[in-house]
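Step one of this worksheet: look at the structure below.
Each reported figure results from applying straightforward, stated rules to the coordinates on display, with no laboratory input. Just so it is clear, the structure is predicted and the values come from calculations on it, not from any experiment. Here the Cβ is made from the backbone with ideal geometry for all residues, glycine too, and neighbour counts use every protein chain on show.
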Amino acid sequence: MNTPETTDYNAGSITILEGLSAVRKRPAMYIGSTDTHGLHHLVYEVIDNSIDETMAGYCNRIKVRVHLDNSVTISDNGRGIPVDIHPKEKIPAVQVVMTVLHAGGKFDNDSYKVSGGLHGVGVSVVNALSETLEVTIHRNGQKYRQQYKKGVPVSELTVVGTTDRTGTTIKFRPDEEIFEDLNFQYEVLAKRFQELAYLNKGVAIEFTDEKTQTSQTFHDEGGIVSFVRDTNETKGFHPIIYGKGEVDNVFVEFAMQYSTGYKENMFTFANNIRTKEGGTHLQGFRSALTRAVNTYIQNTDLPKKFKEKLSGDDVREGLTTVINVRIPDPQFEGQTKTKLGNSEVVGYVAGIVYEQLSTFFAEHPKETKQILEKVVDASRARQAARRAREMVRRKGALGDHSLPGKLADCQSRKPEESEVFIVEGDSAGGSAKQGRDSKFQAILPLRGKILNVEKTRFDKMLQNKEIKALITAMGAGIGEDAINLDKLRYHKIIIMTDADVDGAHIRTLLLTFFFRQYQELINQGHIYIAQPPLYRVSKGKFEQYITYEEEMDRFLIDRISSQETVKTEQETLLTGDELKELLTTITRIRDNLADIDNIGIDTTLSRHLFSFDTKLSPDSFHNGEVAKLQEYMASWGYTLDISREILDSEEDEEPRIFLHFTDANEHIVRIGAEFFNSKLYKTTYGLYQSVRAKSPGCSFTILDADNEKGIPVKSPFELLSLIMEKAKKGLHIQRYKGLGEMNPEQLWETTMNPETRNLLRVTIADAAEADELFVKLMGDKVEPRRDFIVKNALSVTDLDI
């Protein structure tokens, strides 16, 4: 690759601001949270350093690999982190980078002119929050390595070989003590890598997820023009406008294209960081776009139909835009960097965008006329919508007499104690009206499926009868400038649909409506989803309603544990709480084995692995335990071969251990040794051990009434299956599909009574991600929706058609 003019990047380039402290105690301060968002943030922090090398001109290839134990390896072909002794700290510079907060090459403005990981806390925080981290550096013709545990060095920086390349490889495993969930999601990471490839044309990011056995390379020479093209696909209707410029060392580029749709798609970035909340660069673009369009209309000899003042909303309808800025000293809001705050950027972006749009409009009159036709049409539609909205508002001003006739209103006029159930169909609506408490509960039945507002213009939406009834019933108005939540008539708006595919579709359509038109209602906690029961279990006068499959397992286990007695191999009798504990443990093992099956290790094989009487780990395959395991697996008809493989010779990678299990049908399952370090393996092994503690061979006998004869079972799962069948005997189990199947009393008791019901409050954890998901699932494009269904099909556990 072409390398830029060399700037010294060595230990003296590493500037220390302060020591590392409190990261493990308060991780959310540094990565936003310890949930799945924070987990993925670790990967972003490491890869941002590789991308900084790309922006500096030294790196054109990055490789990311997620292993079976949720460890991650990220390697690049950049310059490699400096390894010489730091002049102040008297330790290797890489150790300073890895262990000192606010230490890195981002502060001297020589090593990196711009960077995404500008706060310099990234890789040191990743180190602090990782159970283990290993850094390998190729530099100066030598290969260096150092290892850490929970941020503390456990080895010296050591030369482990020679090399003819440069670069850095970091392998880390997030700490189970810190993170709630260690499962990296392929789609989340792939989306980020795709963005980085667009923003840094020329770099190739190779991503492999060994859990899903999926691999993909992100590389695009078209840059953000390709970003816009791929986002719009067939919906764009004129050439993509691209512009760039630089002012005071601030680089600005933008690409935009109008689509045939109505939604505005804005993607803004600063130093490769996705600024989901926008900021000053977005502000500058929007003002320049509106000014450029209105100036062109005023100064050009156009037909009279175009001569009207357009608003920002008008000129952005159906527009897909990517704005990318690179700034030497960016100011973000918080370490998670969701909003750009540099005030000078407004003017820089506005000037460049206005100048280049004005030039495009002047040089492309035909395409510009197409754009004007679209934005003027948008303006007229907005005016029509305003008139329709005012009509809705005027009708609302007439008081209760203007409420929709299908609404069964409540007696209370205090919004804080009132709630409205949005119910599908007249049948369920009838039951709900009869079963409710009319003092504070209102019922609004909707006929059929409401309009999909994701694909509908505002004025068309307001013509829909069901949506008009919904807006009028709520009483808070509609439209950005007309919503007044002080006039909201109900502080609980509860979506109550059937537990089938149609019910789920209607619920999704309603959520789309609320997200697009009343997002603040969600933010303030006014939107809820009712949880009608899945089952009604009865016997004689006894009845119980059950909402989840897991709850059904608990109910059956509770019921049968006091009625049955199970004998272990050691002649111990289990009944009551002891039997309940055993059966609950087996259900957890069953569920874990299903998760293991999803990563390519079939249940039959994994059962044998967990029945092996030694707990395995990656280190097990360096000693004599291999022969013992091979002999054990042979007794079950499997041949076990161990291989040591270098998966990437270009990266001079260390050999990794793989296990190859071949069954009698010559079917081979290949497992990386890292699996035996995963939380899934260790947890499941512990559960198996608790079963073995009761019966070493995991076989049992289900005794009859006089505790003498019984039914022998050879495995915990056979025991669970037979016991569950016994638990169901004599019970009438009714699976509900529609609310109309319940009489009013049942509906009240299970779903509407505040004392016994279970409501789910709708929240938005990440508005930008929610926005993209609604576009994907409810928008015009079929392909993203189909891809989503295909990729998530195996996760479906209860599909009711």
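Quick notes on this structure:
- Computed over the stretch 455-520, the quotient of the alpha carbon radius of gyration and 2.2 N^0.38 Å is 1.15.
- Enclosing the Cα atoms of the stretch 406-450 in their convex hull gives a volume equal to 62 cubic angstrom per residue.
- Footprinting exposure proxy for ILE529, ILE589 (fewest neighbouring C-beta atoms within 10 Å first): ILE529, ILE589
- Helix runs (DSSP H) in the chain reaching 30 Å along axis by Cα, Kyte-Doolittle at least -1.0: 577-598
- Packing rank of 663-674, 314-325, 267-278, where each peptide gets the mean count of other beta carbons within 10 Å, highest leading: 314-325, 267-278, 663-674
- Among ILE450, GLN463, ILE422 the positive-end extreme of the charge dipole of the stretch 414-530 (Cβ point charges): GLN463
- Convex hull of the stretch 621-755 built on C-alpha atoms - directionally averaged projected area, nm²: 17.4
- Rounded to the nearest 20 debye, dipole of the chain from Cβ charges on Lys, Arg, Asp, Glu: 3000
- Dmax and Rg, reported as Rg then Dmax, of the chain (C-alpha, Å): 31.1, 101
- Principal axes of the stretch 11-218: Cα extent on each, largest first, Å: 44, 39, 32
- Gyration tensor over the Cα atoms of the stretch 542-735: the corresponding equivalent ellipsoid has semi-axes (square roots of 5 times the eigenvalues, largest first) of 38, 19, 14 Å.
- By the Stokes-Einstein formula, at 1.567 mPa s and 4 °C, the stretch 415-545 with its Kirkwood radius over alpha-carbon pairs has D equal to 82 µm²/s.
- Relative contact order of the chain, defined on C-alpha pairs under 8 angstrom at six or more residues apart (%): 9
- Over the stretch 224-363, the reciprocal of the mean inverse Cα-Cα separation, the Kirkwood hydrodynamic radius, stands at 15.5 Å.
- Cβ-based charge dipole, the chain, positive-most Cα from GLY202, LEU372, LEU42: LEU372
- Expressed as a whole percent, the proportion of Cα-Cα pairs in the stretch 142-275 lying more than 21 Å apart is 62%.
- Hydrodynamic radius (Kirkwood) for the stretch 203-254, which is based on Cα pairs only, to one decimal in Å: 13.8
- In this structure, the pairs whose alpha-carbon distance is over 21 Å, taken from LYS88/LYS149; LYS439/LYS468; LYS276/LYS309; LYS150/LYS171; LYS567/LYS682, are LYS88/LYS149; LYS439/LYS468; LYS276/LYS309; LYS567/LYS682.
- For a label point 7 Å along the Cα-to-beta-carbon line of THR162, residues of the stretch 122-139 with backbone N under 20 Å: 137-139
- Helix-only arithmetic for the chain: the sum of -39500 (n - 2.57) across DSSP H runs with n ≥ 4, divided by the residue total, places the mean residue ellipticity at 222 nm at -11500 deg cm²/dmol.
- The eigenvalues of the Cα gyration tensor, multiplied by 5 and square-rooted, give the stretch 551-620 an equivalent ellipsoid with semi-axes of 28, 17, 9 Å from largest to smallest.
- The ellipsoid that matches the Cα gyration tensor of the stretch 603-686 has semi-axes, each √(5λ) in whole angstrom, of 22, 16, 12, with the longest given first.
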